[in-house]
1. Using a probe of 1.4 angstrom, how much of the accessible area of the chain is carbon and sulfur, in percent?
2. Just flag the trypsin sites (Lys or Arg not before Pro) in region 96-191 sitting in loop per DSSP whose Cβ has no more than 13 other Cβ atoms within 10 Å.
3. Round to the nearest 10 and report in Å² the accessible area of His129, as given by a 1.4 Å probe over the protein chains' heavy atoms.
4. Using each residue's phi in region 134-146, evaluate 6.51 cos²θ - 1.76 cosθ + 1.60 at θ = phi - 60° and report the 3J(HN,Hα) Karplus result to the nearest Hz, with x for Gly and Pro.
5. How big is the dipole moment of region 247-326 about its Cα centre under a simple scheme where the beta carbon of each Lys and Arg is +1, that of each Asp and Glu is -1, and everything else is neutral? Debye, nearest 20, please.
6. Hey, if you put +1 on the Cβ of every Lys and Arg and -1 on every Asp and Glu Cβ in region 248-371, which of Val279, Ala251, Leu325 ends up farthest toward the positive end of that dipole?
7. From the P(r) of region 21-171, can you give the percent of Cα pairs sitting at distances over 29 Å?
8. Spelling out what I want: for every residue of region 55-66, take phi, set θ = phi - 60°, compute 6.51 cos²θ - 1.76 cosθ + 1.60 (Karplus), and round to whole Hz; glycine and proline get x.
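The values are calculated or read from the model by the stated rules, or taken from the named source; none is laboratory data. Just so it is clear, the structure is predicted and the values come from calculations on it, not from any experiment. Cβ coordinates were reconstructed from backbone atoms using ideal geometry, including for glycine residues, and neighbour counts include every protein chain displayed. Side chains included, ligands, DNA and RNA excluded: accessible areas come from the protein's heavy atoms. Shrake-Rupley method; radii C 1.70, N 1.55, O 1.52, S 1.80 Å.
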Amino acid sequence: MSEPTTTSQPDEQDTADRGANRSHRPASTAFKTFVMSQWAPRAELGLKASAAAPFTVARRAALSERLPGMRLVIPAGSLKTRSNDTDYRFRPHSAFAHLTGLGTDHEPDAVLVLHPVADGAGDHGSNHHAVLYVRPLAPRDNEEFYADARYGEFWVGARPSLADIEALTGIEARHIDELGDALAKDVGEGGVRLLVVTDADEAIEALVEELRQEAGETEDEEILTDEILVEATSELRLIKDEYEIERMREAVARTIEGFEAVVRALPAAKKHRRGERVVETTFDGHARLEGNAVGYETIAASGEHATTLHWIRNDGEVRSGDVLLLDGGVEVDSLYTADITRSLPVDGEYSDVQRKIYQAVLDAADAAFAVAKPGAKFRDVHAAAMEVIAARLEEWGFLPDGVTAADALDEDGQQHRRWMVHGTSHHLGLDVHDCAQARRELYLDGVLEPGMVFTIEPGLYFKSDDLAVPEEFRGIGVRIEDDVLVTEDGNENLSAALPRRPEDVEAWMASLR
Ligand code: GLY
Ligand code: MN
Ligand code: MN
């Protein structure tokens, strides 16, 4: 299937319309008249408010509270070209998904705008009125209907109407063609300031920049301004509401099923020359069947590959005797994702040295869980895990001569990090590395509060050519990653249903055989 571009003169072609060279689209009036006629009236979709809608009201109000008097522009983003006239599947920017509640496949090119109004005179007593600018479904007498491979109903299915979008989100919906004027209104000296979420939609960013230049803003002011909005939308997600926590539970449950499917597929994986692909496709297939997709590229790393932290090529064998590191997350239709890792003995039982490494990592994870409570700092979680990792490495004699675990834990030491160069935790939610634009004081130096969701994922990775460790340790990588919810009095391991203790992992694998 390729785009039916219009015909053009061969001698006037530039690269952009060379696609016309392979167009078969008929141009006759007879065709146009016929293709646009004799369609039954569109059925009413009868959409109801999404389950997220009541929660998004509060999220927008919180953003409004933080940035009164400014016009806030939050694009969904546009379709991304894979090559020529072929696009990637669409996924909206997470700030847009969070503030509208729109999930799977919604809504390319849409822009959420929070228009400033008098204090308290906005939606639900906030300081802003929200409007969603969208490209609605074209009528059947519009060429887009059959001729537009990117947006046309014949090509990508019917888009929602403005009424559908309003019903679904509870937000006023307007045609995207009104966006330019709406953004420009009252912008200028002493007037409204525009803030846009950057890196979401280049065209919208360019439009905002043009309006600012017309209004005489300097480049420094622009950059500063946008950072404030990007930070605000990221920090708004640090604490998950009740709806989000339920979605996280759902994402974790689907992910655990995916791990079970992989264990069942291990015999097939062992037989295939690219056994890691059997693991990957089993997990990813489950994600597509039961959710929207994977939340990030699945890491299916067997044996030595497990020592490559982001091994996503997944083209290796799964050999008897290996530990298979599977790091996968199902993103559900609301776009929340889990992020879970288990390091599984391919034959169902860990060898002594594998178990030793595994237990050290598990002890580090447990130590991190023990401190992950309201009032602790985010960085304390990592520190607790590192104490255990350093202690084990000292015990095993892996630290350089004369270096104790305490020396290593000192900022000027850190030798233990040779075997775990990554961090222990990151926030999790709509993005696998959620809230990534939050300020340091709210992230690394932030204090844990109920409703936060993050990973605990210590690991130890011994490369096959690592001369600093005994041979029997080489070629083994272990990570254990769980998804944690901070509660009023401690935490809940959301992924606790997936066995973690080595004996439980073995029993669970045996039960799936
Ligand atoms: N799956 C990537 C990570 O654990 O952060
Ligand atoms: Mn992670
Ligand atoms: Mn992970």
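1. With neighbouring chains kept in place, the figure for the chain is 49 percent.
2. Of the trypsin sites (Lys or Arg not before Pro), the ones in loops of region 96-191 whose Cβ has at most 13 other Cβ atoms within 10 Å are Lys185.
3. 60 Å²
4. Coupling constants for region 134-146: 9, 8, x, 4, 7, x, 5, 8, 10, 4, 3, 3, 10 Hz.
5. Computed charge dipole of region 247-326: roughly 160 debye.
6. The residue sitting most towards the positive pole is Val279.
7. Summing the P(r) of region 21-171 above 29 Å gives 30 percent of all pairs.
8. Along region 55-66, the couplings run 7, 5, 4, 5, 5, 5, 5, 5, 5, 4, 4, 7 Hz.
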